[in-house]
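The values are calculated or read from the model by the stated rules, or taken from the named source; none is laboratory data. Only a predicted model underlies this, so the values are computations on that prediction, with no experimental measurement involved. For neighbour counting, all protein chains shown are included, and Cβ atoms are generated from backbone atoms with ideal geometry for every residue, glycine included.
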Amino acid sequence: MQLHYSRLLEKDRRRYAALESLKLGRGGVIYISKILGVDRKTISQGRKELTSEMETFIPGIRQRKEGGGRKKN
């Protein structure tokens, strides 16, 4: 976890730490801040960024055109 975290950019580090703390639930922020050496405020900021992105996320927009891939017989 620490190796992966060290290779990320600053913005991605915040979001990764926030995501891991969300997965742990109660006490996750403190635990992740100790393991990764991140301030709790940084994790809170990452949580805010994640929630704001989820509010503006629109599912169903395709990244690729339809009809690609192996053809059905």
More than 21 Å from Y5 (Cβ to Cβ), in a helix (DSSP H, G or I) and modelled with pLDDT of 75 or more, is that true of E55?
-> yes
Select from segment 4-18 the residues that are aliphatic (A, V, I, L, M) and either surrounded by 14 or more Cβ atoms within 10 Å (Cβ to Cβ) or modelled with pLDDT of 90 or more (or both) and list them in ascending order.
-> L9, A17, A18
Would you mind finding the one in I61, I32 that is out of contact with any Gly (no Cβ under 9 Å at 6 or more places or on another chain), exposed (fewer than 10 other Cβ atoms within 10 Å of the Cβ) and among the aliphatic types (A, V, I, L, M)?
-> I61
Across segment 19-52, the tally of residues that are under 18 Å from L9 (Cα atoms) and either modelled with pLDDT under 80 or in a loop (DSSP other than H, G, I, E, B) (or both) stands at 3
